[in-house]
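Take a look at the structure set out below.
Here, each number is a calculation from the coordinates, and none is a lab measurement. If you're wondering where the values come from, they're calculated on a predicted model, not measured in any experiment. Neighbour counts run over all protein chains shown; Cβ positions are idealised from the backbone, glycine included.
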Amino acid sequence: MMSEDRGSVRLDLLPDKIRSDHRERLAIVYIRQSTPQQIERHQESTRLQYALVERAVHFGWPRERVVVIDDNLGRTGKNR
């Protein structure tokens, strides 16, 4: 397999299941903590969820094609 470069990422080292047509789509990272207490007490979980942005970039998505949805942080679904 030939090596294709995208910045400093060698795409030939990425998982075979991620194809170039996948990278043409948006990568969506949905950040979720249901209550303000979860945000306060589970900061590591929130940090790990935000780190998924870097994971998508590592897998070859351009940073501008990674969308973060975090407007539900601290709001429970049962109140809707």
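So here's what we get for this one:
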quantity: Point-to-point label distance, ARG19-GLU54, nm (Cα→Cβ direction, 7 Å offset); calculated: 3.1 nm
quantity: Ranked THR46, THR35, criterion: other C-beta atoms within 10 Å, fewest first; calculated: THR35, THR46
quantity: Placed amide H near ALA27: partners under 5 Å, 5+ positions off or other chain; calculated: VAL66, VAL67
quantity: Distance in nm between pseudo-label sites at LEU26 and ILE69 (7 Å out along the Cβ direction from Cα); calculated: 0.8 nm
